[in-house]
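This report refers to the structure that appears directly beneath it.
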Amino acid sequence: MSEKAVLEPIRRSLYSSSPAGLLYHYTGYQALLGIAKSAQLWGSDIHYFNDSSELRHAVRVFGLALTTVTAGSNYPTDLVEQLRAWIDMRLADGHGLFVVCFTEAGNLLSQWRGYTPHGNGISLGFDPGHLADCAAVQGFQIGRCVYSRDQQHAIGCKVVEGFLNFAHAAGPKGECEAHPSQSYYASFYSLELDLLSIAALLKNPAFEEEQEWRAVSAVQSNYVEHAAQYRVGRNMLIPYKPFSIRKSPDKSMRIEHVFLGPTPENNLAMSSLSKFLACHGMNPKKGVTASQLPYRTT
């Protein structure tokens with residue numbers, strides 16, 4: 001069995017859904033200035049997301065699945081334990097995977113609080129077909145996050161079973177090729193790219209309200225040959241990849257709708273935002289809508 005045949009059907013199924021409505025991206029005014037100039041959003045490396053538990057959740061999903069799949073099985077013990085250790089290591093700090101976040105919910109209080117500066121937020125609504133076209137020419141793919149524990153467990157079981165069967169069929173490497181504690185690692189590494197793409201969509205059920213969709217890059221295995229850009233984070237430099245929201249340089253940005261977030265100066269903020277969008281050719285077809293959610297001073 002080829003490497004691509006092991007996890008590719010699972011990955012392809014996860015990225016086959018299409019949103020029914022607009023997809024929104026939450027941001028602030030400072031970022032909007034850059035978006036207007038560059039026609040780009042930023043896709044951060046998922047290992048550096050603000051929520052440090054992003055991929056740790058996927059590690060737990062695969063760990064539980066591994067326990068389920070191997071209960072009463074005849075898989076070699078060293079194969080099972082090596083896979084458990086390898087998944088923990090590679091998802092914690094492996095190859096680069098860059099993600100741009102969108103949501104079906106363009107006016108959600110938890111999103112305003114979590115992803116925009118206080119009193120300084122907007123959400124940009126995009127046609128999902130347009131985003132899919134933009135993603136395709138940049139090596140990204142768009143998928144819906146999976147929140148259901150049962151669905152995650154079922155996916156996890158299929159993934160670890162694929163790993164185990166593939167590595168078992170290939171057999172362990174001899175001591176002259178690999179340390180005995182890593183004798184199956186070569187088989188695991190050959191499946192890593194699809195594993196990361198799958199893991200990127202497994203999100204903690206506590207965040208289900210966010211209804212998140214993600215534009216996920218191809219996996220970057222070499223930071224030198226495929227150099228990322230960097231921005232300043234709170235405690236470190238954050239690798240990111242630009243995600244163009246134009247299908248080609250000669251095309252204009254297509255923004256369908258904009259929500260103005262909760263703000264103490266609603267009328268003035270609405271006026272200046274509308275003028276700014278018009279001046280930069282970002283006229284949303286469905287206009288600009290004020291959130292109407294209560295603004296809190298703290």
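Couple of notes before you dig in:
- Val258, Val146 arranged by Cβ crowding within 10 Å, fewest neighbours leading: Val146, Val258
- Spatial separation of Cα centroids for the stretch 193-259 and the stretch 123-188, in angstrom: 17
- Length released on extending from Ala170 to Tyr75, taking residue separation times 0.36 nm less the Cα-Cα span: 32.9 nm
- Helix 77-93 axis, angle to the chain major axis (alpha carbon atoms, nearest 10°): 20
- Inter-label distance, Ser252 to Asp93: 4.7 nm, where each label sits 7 Å from its Cα along the C-beta direction.
- For the stretch 186-295, GluC sites (Glu not before Pro) meeting the loop criterion (DSSP other than H, G, I, E, B) and having at most 14 other Cβ atoms within 10 Å: Glu225, Glu265.
- Each residue, His280 and Glu265, gets one label point 7 Å from its Cα in the Cβ direction; the gap between the two is 1.8 nm.
- Helix-only [θ]222 nm of the chain, DSSP H runs n ≥ 4, -39500 (n - 2.57) each, per residue, nearest 500: -13000 deg cm²/dmol
- Least to most buried among Lys158, Lys251 (fewest other Cβ within 10 Å first): Lys251, Lys158
- Angle of helix 149-170 to the longest C-alpha principal axis of the chain, folded into 0 to 90 degrees and rounded to 10: 40°.
- Modelled FRET efficiency - R0 22 Å, Ala186 with Arg56, Cβ distances, 0.05 increments: 0.30
- Among the listed values [x] 1.03; [y] 1.10; [z] 0.94, the one matching Rg/Rh (Cα atoms, Kirkwood Rh) as calculated from this structure is [x].
- Using a Förster distance of 22 Å, the FRET efficiency for Gln151-Ala5 (Cβ separation, nearest 0.05): 0.45
- Contour minus Cα-Cα distance for Lys37 and Val137 (0.36 nm per residue): 34.0 nm
Computed from the coordinates by the stated procedures, all read-outs in this text should not be read as laboratory data. Model, not experiment: these values are computed from the prediction. All Cβ positions, even for glycine, are placed from backbone atoms using ideal geometry, and neighbour counts span all protein chains on display.
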